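Colleague: The structure that follows is given in the form of structure tokens.
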Amino acid sequence: MKRSLICFIIFTLILTASAYAEPPVDVAGTVYEEAVVLLKTLDIMKGYDDGYFEPDDVLTRAEFAAVIARIVSMQGFLITGDNLFGDVDEEYWAYSEIASVVRHGYMAGYGNGNFGPEDFVTYDQAIKVMINMLGYQLYAEQKGGYPGGNSIVAAEKGQSLRVRSFRFRSE
């Protein structure tokens, strides 16, 4: 029953998203328009205050953390609390989102006390986050860990094709 209601709500949002939401000026009439309007309607991705979405920009680690936190919060699992990183203070726009994804174990810092919020997220990092979110961390470790084991598991599970729709910096 609960699952049916959630599916109905999502289906309704998908059908009505383009009718009620204005696309950002830089995606109106492009192949991105429908997907961007849906992501904005679901409050997963927001775009920038100037009205642009910048679909060809590379995602930063903070932006990616915010997307993941918004997806997790849709499931009622947003965690806030003290941040663990010297390069992300409480005033930073993605402070809570970064704290949440780290507390969930989906993302981590560099091991030197920093998160690198303005660094570009790499494809390998994004794959690791998806593997973590899907609960395949131990399996990926058995296959060799980061980055190779994660890529093997992603290919086996078919998740790598879904992640490629975002732009990530190659290493």
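The values are calculated or read from the model by the stated rules, or taken from the named source; none is laboratory data. Owing to the predicted nature of the structure, the values given are computational and were not obtained by experimental measurement. Heads up, the Cβs are rebuilt from the backbone with ideal geometry, glycines too, and the neighbour counts pull from every protein chain shown. Keep in mind that these areas ignore ligands, DNA and RNA; they rest on the heavy atoms of the full protein, side chains included. Shrake-Rupley method; radii C 1.70, N 1.55, O 1.52, S 1.80 Å.
Colleague: Run the simple label-point estimate for Glu34 and Gln142 please: 7 Å along Cα→C-beta, distance reported in nm.
Modeller: 3.9 nm
Colleague: Given a 1.4 Å probe and the protein chains all in place, what does the accessible area of Arg70 round to, in Å² to the nearest 10?
Modeller: Number for this one is 40 Å².
Colleague: If N is the number of residues in the stretch 111-153, what value comes out of its Cα radius of gyration divided by 2.2 N^0.38 Å?
Modeller: The reported ratio for this selection is 1.21.
Colleague: Probe radius 1.4 Å, ligands and nucleic acids ignored: give me the carbon and sulfur share of the accessible area of the stretch 85-154 as a rounded percent.
Modeller: The computed percentage sits at 51.
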